[in-house]
Amino acid sequence: MKYFLNRIKKELKKNVDLEYKKTNQGFFKTELKQYGVRNLIVKKIAKDFYVEIKNFSKKEIFNLCEELLKSGYSEEAYIAFEWTEKRKNEFELKDFNIFDKWLKNYINDWSKCDKFCLRIIQSIIVKYPILISRVKEWSNSKNLWARRASAVSFITTHNKQYAIICDLDNIFEIANKLLLDKEDMVQKGYGWMLKAASVIKEKEVYDFVMARKNKMPRIALRYAIEKMPKNLRRKILKRDYV
């Protein structure tokens with residue numbers, strides 16, 4: 001395993017782009033642990049190395065992914081999520097415990113959080129809707145990335161199989177819990193969730209936001225109404241800021 005992982009690290013180091021690394025850092029408030037490799041190249045590296053392990057058991061794949069996550073490098077996390085997603089058809093109910101551990105131990109920025117939620121957590125809760133309650137519990141966590149994950153995991157408007165994720169009862173429950181969260185990354189997360197829901201349930205989301213517009217943090221409010229028509233945005237933005 002160690003030799004295999006070292007080969008991945010070596011390949012990543014060969015593809016460092018210092019200009020991209022500097023630009024990418026600009027999207028993060030804190031120092032990002034990264035090699036500085038463009039996403040398309042990371043994706044190719046993940047694909048090329050997966051050929052060598054495609055016949056491994058799911059457990060062996062997950063063990064490799066956890067080792068990649070432990071490094072803290074964003075590119076290695078990306079590879080871990082790519083490989084995990086490739087085994088989504090084999091996801092079992094008990095695998096959620098592994099993903100819960102990954103979230104709380106290895107995810108420490110918005111990019112990792114969002115890839116993890118949209119590519120892994122959504123897949124497992126679509127397969128096992130009973131896990132939705134576990135995801136909603138993250139909204140009570142002291143871990144800000146778990147709180148963001150509780151919202152981002154419900155962001156989708158595109159695929160019919162994800163209709164269960166678009167259930168407004170779940171979305172509004174999470175938004176209410178996170179409504180006054182102090183962390184801007186959490187505010188952006190639930191605002192984004194509401195924005196995505198508004199694409200297919202505009203009136204319901206409008207009514208929800210309208211009733212809370214004087215309490216909702218400005219950044220969450222702006223995200224939530226971004227896709228709404230100009231006249232509705234104007235009505236919502238007529239508010240007194242405290």
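The values are calculated or read from the model by the stated rules, or taken from the named source; none is laboratory data. What you are looking at is a predicted structure, and each value in this text was computed from that prediction instead of being measured. Every residue, glycine as well, gets a Cβ built from its backbone with ideal geometry; the counts of neighbours run over all protein chains shown. These area figures cover heavy atoms from the full protein model, side chains too; ligands, DNA and RNA do not enter into them. Shrake-Rupley method; radii C 1.70, N 1.55, O 1.52, S 1.80 Å.
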When R87 is evaluated against the numbered criteria (1) over 16 Å from the mean Cα position of the chain (by Cα); (2) farther than 30 Å from F4 by Cβ; (3) modelled with pLDDT of 95 or more, which criterion, by number, is the only one it fails?
-> (2)
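For the range 1-66, give me every one of the helices (runs of 4 or more DSSP H) that falls completely inside it and has 3 or more residues that are within 20 Å of E90 (Cα to Cα) and at pLDDT 95 or above. Write out each step before concluding.
Working: elements: 2-14, 18-25, 39-53.
Here the list reads 39-53.
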Picking from N55, N15, N24, which residue would you name as being of a type outside the set (D, E, K, R) and open to solvent by 70 Å² or more (accessible area, probe 1.4 Å)?
-> N55
List the pairs whose first member sits in the range 168-181 and is closer than 13 Å to I155 by Cβ, whose second member is in a loop (DSSP other than H, G, I, E, B) and among the hydrophobic types (A, V, I, L, M, F, W, C), and whose Cβ atoms are under 8 Å apart, counting only residues at least 6 apart or on separate chains?
-> N170/F154; I171/F154; I174/F154
Would you check if there is a residue in the range 205-228 being assigned to a loop (DSSP other than H, G, I, E, B) and free of Cβ contacts under 8 Å to residues at least 24 places away in the same chain?
-> no
Can you find even one residue in the range 143-156 that is open to solvent by 50 Å² or more (accessible area, probe 1.4 Å), within 19 Å of L168 (Cα to Cα) and either modelled with pLDDT under 95 or in a helix (DSSP H, G or I) (or both)?
-> no
Which residues, counting only those in the range 60-75, are within 18 Å of F116 (Cα to Cα) and over 16 Å from the mean Cα position of the chain (by Cα)?
-> I61, F62, N63, L64, C65, E66, E67, L68, K70, S71, G72, Y73
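Residues to consider are D100, D95; find the one that is farther than 21 Å from K182 by Cα, charged (D, E, K, R) and open to solvent by less than 10 Å² (accessible area, probe 1.4 Å). Break it down into steps so the answer makes sense when it comes.
Working: D100 fails: open to solvent by less than 10 Å² (accessible area, probe 1.4 Å).
Only one candidate passes the filter, namely D95.
I need the full set of residues from the range 193-226 which are open to solvent by 50 Å² or more (accessible area, probe 1.4 Å), touching an Asp or Glu at 6+ places or on another chain (Cβ under 9 Å) and of a type in the set (A, V, I, L, M, F, W, C), in order please.
If the condition is that a residue be open to solvent by 50 Å² or more (accessible area, probe 1.4 Å), touching an Asp or Glu at 6+ places or on another chain (Cβ under 9 Å) and of a type in the set (A, V, I, L, M, F, W, C), then I219 is the only one that fits.
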Select from the range 29-77 the residues that are closer than 15 Å to W110 by Cα, free of Cβ contacts under 8 Å to residues at least 12 places away in the same chain and among the basic types (K, R) and list them in ascending order.
-> K29
Within the range 58-78, count every residue that is acidic (D, E), closer than 14 Å to N6 by Cα and open to solvent by less than 50 Å² (accessible area, probe 1.4 Å).
-> 2
